[in-house]
Every structure is written in structure tokens, then in C-alpha cells.
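Read-outs throughout are calculated quantities, based only on the coordinates presented, and are distinct from any laboratory measurement. Not measured: the values here are computed from a predicted model. We place every Cβ from the backbone using ideal geometry, glycine too, and count neighbours over all the protein chains shown.
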Amino acid sequence: MSRVYNFSAGPAMLPEEVLQQAKEELLDWQGTGMSVMEMSHRGKAFMSIASQAEQDLRELLDIPGDYRVLFLQGGASSQFAMVPLNLLGEKRQADYYRTGSWSKKAIAEAKRYCAVNVVADTEGAGGFTTVPDEGGVTFSAEAAYVHYTPNETIEGVEFPYIPDTGDLPLVADMSSTLLSRPLDVRRFGVIYAGAQKNIGPAGLTVVIVREDLLGRAQPATPTMFDYQTHARSGSMYNTPPTYSWYLAGLVFAWLKRRGGLAAMAETNRRKAQKLYHAIDSSDFYHNPVDPACRSWMNVPFTLADPALDETFLAEARAAGLETLKGHRSVGGMRASIYNAMPEEGVDALVAFMREFERRHG
Ligand SMILES: *Cc1c(COP(=O)(O)O)cnc(C)c1O
């Protein structure tokens with residue numbers, strides 16, 4: 001068996017230990033004689049898997065008791081609709097930060113349900129290479145909530161602060177950053193994340209919602225799109241994505257064994273610093289993002305000569321470094337270095353980049 005370092009933005013690498021454990025338990029989970037995939041979601045075995053996963057996630061993020069954790073399907077993209085449907089209440093407007101490709105999509109979907117007030121737009125000159133100044137944003141009295149994307153996965157731009165929205169519920173699409181470091185959940189009304197970046201396999205979407213925001217869905221909201229439906233039923237109103245939930249639980253347990261999110265933050269910061277240093281210390285590589293808001297998780301970079309892109313990708317692949325091609329909207333390269341990317345993977349990429357520059361620079 002030979003595994004590569006996979007820099008995919010998502011679905012992304014999972015910890016090898018987790019995959020090994022899943023393999024060992026695949027045919028017979030703890031003496032039940034069944035695979036987790038074959039179990040009733042309402043049976044004792046799966047209920048214990050589900051509640052342990054939630055308990056571990058709560059512990060990792062120190063989630064307060066007045067927040068509910070929902071294990072849903074539909075991806076972060078469904079949340080683009082679920083957020084307005086659940087939070088608008090009597091209001092007809094919401095405030096949105098426009099800081100990259102994913103917040104643009106969230107805005108486009110919200111516009112189907114309400115007026116969107118764009119409180120900050122960083123597309124301007126640099127094309128999504130920075131975030132708004134912390135104090136420079138005014139929220140609207142008419143807004144039901146404020147939405148932002150703390151880590152723009154495609155552009156590699158990350159907020160170094162949490163916006164202070166006062167009494168307005170703050171909603172965050174944390175698909176590519178949740179669990180990368182400790183987080184003060186109390187600052188948020190709703191946090192959501194598709195699992196396939198930093199949590200587990202695709203098919204699972206984690207939503208953390210403050211209890212007082214439940215039960216306010218628009219009357220025409222589909223039952224499955226109402227947070228209250230899932231909060232009331234322990235995310236078992238219908239069949240949940242059981243195997244993805246189980247694997248996410250194995251990832252949570254792995255994170256705890258590794259020392260939790262403070263330990264992950266240390267490693268993640270070091271991984272990102274190594275890669276940005278390699279880029280910045282060379283004229284051969286370039287990252288356009290303002291250094292104050294560069295992502296720890298997604299690192300886009302270009303080569304001075306784009307004619308070398310294909311050679312770079314082919315030689316990287318030959319060296320066991322996969323999926324480094326940048327998003328089609330940005331071009332160049334992108335290295336996603338989530339929790340499951342070992343530091344050795346980043347070291348291997350940096351060594352490859354130096355060697356490639358030596359031969360082609
Ligand atoms: C990947 C991603 C999405 C889309 O997630 P799906 O689960 O595919 O719907 C949305 N927002 C961000 C920030 C992402 O990184």
C-alpha cells in the first residue's frame with residue numbers, strides 16, 4: 001500500500017489512523033456482527049456512536065449547553081437557503097459580507113428569500129485578497145442576521161477576527177476552517193460546515209445553532225429544512241448519513257487523542273507558516289493574499305511562468321503530492337492543508353517546490 005499526500009480542497013484527506021480503525025471495524029462493529037453502514041439508525045449501537053460523536057465535538061469546541069448540534073445532509077450549499085428560511089422571522093433583510101466565491105454563492109441563494117445588504121465587498125482592486133477592516137463595517141437595523149465566510153476556501157482568505165455584531169445573530173460558513181483551532185462558539189448564532197474538508201467524509205453537514213433561534217422558520221419552509229425538525233428529533237427525523245456521522249466521530253476522537261484544538265492550532269499554524277515562507281522567500285512562487293488574512297487551511301500560489309503549471313503538477317504527482325491544481329476560477333496551484341495533512345506532507349511539498357525551482361527557475 002502506498003498513500004500519497006493529497007492536497008485536495010475537499011473531499012480531503014482523512015487521518016490514516018481513522019481509516020485504519022474504520023477498516024478494522026468495517027465488517028463487524030464491536031461484536032454486533034454488522035457494519036455501521038448496515039445498522040438501524042435507531043438501534044442501541046448506532047445511538048451510542050451518534051451521541052459519543054456529539055459529546056466529543058462538544059468537548060472539542062467547548063459548545064455551551066444552550067447550543068444544539070445538528071448532523072444533517074445537503075452540504076453547506078443547502079445551508080445557504082436554510083439560514084434565511086430559519087432566521088429571517090418577521091424581518092425581510094439580512095446583512096452579508098462578500099469576501100470570495102463561497103460568500104457570493106451564499107448571497108445569491110439568500111436573495112431568493114430576502115433583501116441582501118452587502119456590508120462589505122472585497123472584490124475591488126485585488127479581487128478577494130483581503131478582508132474588511134474590523135471596525136469599518138456598519139450593520140443594518142433591519143437585518144435579521146449577519147452572514148460571513150471566515151475562511152474563503154477558493155481564494156485562501158481568512159478573517160483574523162470574529163466580527164462584533166452586537167445583538168444581531170452572527171452566522172458563519174465554517175466549512176473549511178471548523179476544528180482547525182479553538183473557537184469561541186458563544187460569539188455565533190449559527191455555525192455550519194460541510195464535513196468533507198476538515199470533519200469527515202462528504203454527505204454530512206454539521207450545524208451548531210443557538211437554541212433561541214429555533215422554531216422561527218418561515219411557514220413554507222420544507223420540514224427537512226427547518227432546524228427545529230432536526231433539533232427535536234436528535235437529527236433522526238429521517239435516516240441520517242450514518243456512516244459519515246460514524247467516521248466524523250472517529251475523527252473527533254482522533255483530535256482528542258492528539259491534544260484537542262489547541263494542539264491542532266499549533267501544528268496548523270506551523271504548517272501554514274512553512275508553506276507561506278517557502279512561497280514568499282522566492283520570486284518563482286507568488287501568493288496574492290494580504291499576509292494579515294492568509295488562510296491556514298487553503299494556500300493558493302502561482303508560478304512566475306504559468307507555462308510551467310502542467311510540468312509542476314505532473315512532477316508533483318510523481319513525487320506523491322496530489323491534487324495541487326488551483327481552482328479553475330483562480331488558476332495556478334492550491335495546497336489545502338487541513339488537520340489530516342501531516343506536517344511531513346507540508347515538508348515534502350516545500351522540499352519539492354525548492355527542487356522544482358532549482359531545476360526550472
Ligand atoms: C466547500 C464549501 C462549500 C460547499 O460545500 P458543499 O458541502 O459542497 O455544499 C461552501 N462553503 C465553503 C466555505 C466551502 O469551503
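Here is how the numbers come out for the structure above:
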item	result
Exposure rule at most 14 other beta-carbon atoms within 10 Å, DSSP loop trypsin sites (Lys or Arg not before Pro): the chain longest free segment	113-257
Pairwise FRET efficiency - D121 versus Y161, Cβ, R0 = 25 Å, nearest 0.05	0.90
For the stretch 231-245, 3J(HN,Hα) per residue [Karplus equation, 6.51 cos²θ - 1.76 cosθ + 1.60, θ = phi - 60°, Hz, x = Gly/Pro]	5, 5, 9, x, 6, 10, 4, 10, 5, x, x, 4, 5, 5, 5
HN-Hα J in Hz across the stretch 165-180 - Karplus 6.51, -1.76, 1.60, θ = phi - 60°, x for Gly and Pro	9, x, 7, 6, x, 9, 10, 10, 8, 9, 3, 10, 9, 4, 6, 7
³J(HN,Hα), Karplus 6.51/-1.76/1.60, whole Hz, each residue of the stretch 265-272, x for Gly, Pro	4, 4, 5, 5, 4, 5, 4, 5
Reachable lysines from K271, criterion Cα separation under 23 angstrom, eight or more residues apart if same chain	K197, K256, K325
Rh by Kirkwood over Cα pairs, then Stokes-Einstein D for the stretch 259-360 at 1.002 mPa s and 20 °C, µm²/s	154 µm²/s
Residues with amide H under 5 Å from that of Y96, placed H, sequence gap 5 or more	N117, V118, V119, H147
Per-selection Rg to Rh, the chain - Cα, Kirkwood hydrodynamic radius	0.98
